[in-house]
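The values are calculated or read from the model by the stated rules, or taken from the named source; none is laboratory data. Since the model is a prediction, treat every value here as computed from it, not as a measurement. Cβ sites come from the backbone with ideal geometry, for glycine too, and all protein chains shown count toward neighbours.
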Amino acid sequence: MSTSFLERVSAVSQRRLPFDARNDSLFGLLLAAPGVVLFLSFMLFPIAFLVYLSLTDATHAGTVIGGDATIVGLENYIELVTDAQFWTSLTVTWLFLAVSLAIKIVLGLGLAMLLTHARVIGKRYMRAVVIIPMGLPAIFIVTVWRGLFSGARFGPFNELLASYNDIITGVVGLFDQAVFFAAVSAPELLLVDLPISWLSGRWSAFLAYVMTEVWLAYPFMVIIIVSALQDVPMELHDAAKVDGAGYLYRFVHVTVPAVKRPVMFASILTAATSFQQFLIPWIFNGGGPSRQNELLIVYGYREAIELNQYAFASAIMVTAIAFIGLFMWLAVRKGDLAAGVNGA
Amino acid sequence: MNAIIAVLGSVISTVASWTRKKATWPLRVIHAVRLPVQQVRAGNRSVLDLAKTALGTGSALAVLAVLMFPLYWIFAASLSSGTGLMSTDGLFADPTTYNLDAYRWVLFESPFVDALRNSLVVVFVTVTVSMSVVIPGAYALSRHEFRGRKKILYGYVLFTQVGAGLSIATLIALYVLFNSVGLSNNLLVLGLFYAAGAVPFNTWLLKTFMDNIPVSYEEAAVIDGAGRWQVIREVILPLSKPGIAVVLVFTFLAGWNEFIVARTLLRPENYTLSVELYALATAGQYDTPWTQFSAFAMLFAMPVALIYFFAQSYVESGLSFGGMEG
């Protein structure tokens, strides 16, 4: 999945076997066909059906099956662009994507630099630990984080904040005793009002989504950046040091150019998955409160399965697929995908 | 007799050296700590230098501890049945009260076993179906030139990297289609669907692996008079074993981990493990049975996580395998 992986693929030039070429072509096609047919029948065919549905007035599964649906043209799409919920959903989806991507890049870069730093002993073991979230099932991670964000008084994050409050009050209390002539009490500004019902507030729920998404996806970032950093020759840093370059200068002129392309590639891929994020909002609070945090796919899913608006939901999903297509185009244009295919 | 003694001797010496290596790690740590201290005493190394290293390692460990907090929490919670978890006692229960009651509940009183059976049925279908199309497909894409080969590869890579959420987008259409033919509550159909979704990534992975098997082996077999099928059976398949093992793991995970399609299509009697885990997690707003949930989650995720990391390291070694020929 990493770029080096694709590079290695493209580096291998393949020779063909000396079987009869004309016959061979058919043989290869026959071997590859079952996989392609299976894939297309469960992926391309439903997409085509989805496009058809989005042009009808189907409301629930029964109307579709019973043949009661009639073609209404682009009516669903007109309804979609005039639906306020669509714009809320689209905005929050892009906001979620942007915020989580920014944090992922900063965290990934920081971790990768820390875990390739010469001063850190046992880097290899730490790198093995840091990518653990990648091997865990997504449903496991999301349900566990839902537990961490429990709104109960003794939920883990509320409990952590409670100890933070205790520390602040304690420090201020010490200060109060030291400066005996003035009555000092902990400033309300520094204290957190507990318990926080994380998933019932709009922005606290949004924050919870972002944190979970970052935790889900940062290992991928770290792996990509670490392998890019390891390709930077040490002499480059040494030469810069000899020339008297400071830490910041070396970061901007040595590290950043080395990781720019891999980070961009990884960003496109992880942004595409963030855009399609479904499990986090759905399991945390169903995209609430009051549908304010419904990411695009959740919006489409709810309209279909819960509100029985199949045709309308299909229009949403077709729109989402169009955006996903945009990401695919970006990945081909800016990423190394083409190199992997053409070289092999 | 002598042979037996020789075998026994070698086994014992292997075990002994392994045990020594494992048992002496505290000594080696002490040595690793003592060495820099001696260096500082001898004046070969400045105290500042040593402090910098200690600071760097310490901060890396601290960051790691913060990042891994959720896992530690869920693990501790699964052992805290009947203790003061999520109460005034603090974030974690007293370690002396740790027990396995929650695990006992999951295994004997929860729907875990039934759900496990359903999951295994789904996974079995996913693995057999996808393996039977992935292996020939990967071989064809790696070794044969035919019309549309590049298009197929492009499609597979694009879907692998970008389109993972497409299955949710198409879920509406699938739901209608499956319902119309009465197949919505069917574990076999679900397994087939996962198999279809697993085709692109795994075909690509195995094709990459096969690309790294030198063609000269096949050429040698052809010169020795082997036919097309013989080459596949006696050269390609045996040499691809590590790659096939990895693909096996990934297709297994595809069936094991998925949640929302299963949740939408299945009825309660057919729920898989991931759906039951969700049901447990959302059982109530404030009275979620945390210890039971965490034991369930641990049993659901940890075995497959271990398999995953085993496979992941295999992917790396598998890819470097081809490098031996340059």
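Odds and ends about this structure:
- Only listed residue being closer than 16 Å to A:L95 by Cα and facing another protein chain (nearest Cβ under 7 Å), chosen from A:I283, A:I321, A:I297, A:I305: A:I297
- Residue ID - nearest to B:V181 (Cα to Cα), chosen from residues in the range B:247-290 that are of a type in the set (V, I, T) and more than 11 Å from chain A (Cβ to nearest Cβ): B:T251
- Any hit, the range B:151-163, residues being more than 7 Å from chain A (Cβ to nearest Cβ) and buried (at least 23 other Cβ atoms within 10 Å of the Cβ): yes
- Within the range B:175-190, the set of residues being buried (at least 23 other Cβ atoms within 10 Å of the Cβ) and either in contact (Cβ under 8 Å) with a residue 60 or more places away in the chain or part of a loop (DSSP other than H, G, I, E, B) (or both) comprises just one member, B:L190.
- Of the helices (runs of 4 or more DSSP H) lying entirely inside the range A:267-344, those carrying at least 1 residues that are at pLDDT 90 or above are A:279-285, A:296-301, A:310-334.
- Filtering B:L187, B:L239 for residues that are farther than 30 Å from A:L296 by Cα and more than 9 Å from chain A (Cβ to nearest Cβ) leaves a single hit, B:L239.
- Taken over the range B:121-170, residues that are of a type outside the set (A, V, I, L, M, F, W, C) and under 25 Å from A:V51 (Cα atoms) amount to 10.
- In this structure, B:S59 qualifies as surrounded by 12 or more Cβ atoms within 10 Å (Cβ to Cβ), part of a helix (DSSP H, G or I) and under 31 Å from the mean Cα position of the chain (by Cα).
- Listed by first and then second residue, the pairs with beta-carbon distance under 6 Å, at least 6 apart or on different chains, first residue in the range B:53-82 and more than 8 Å from every other protein chain (Cβ to nearest Cβ), second among the aromatic types (F, W, Y) and outside any helix (DSSP H, G or I), are B:A76/B:F92; B:L79/B:Y98.
- Of the residues B:A283, B:A221, B:A226, the single one that is over 27 Å from the mean Cα position of the chain (by Cα), surrounded by 15 or more Cβ atoms within 10 Å (Cβ to Cβ) and outside any helix (DSSP H, G or I) is B:A226.
- Failed item, numbered, when A:V130 is tested on (1) aliphatic (A, V, I, L, M); (2) within 13 Å of chain B (Cβ to nearest Cβ); (3) surrounded by fewer than 21 Cβ atoms within 10 Å (Cβ to Cβ): (3)
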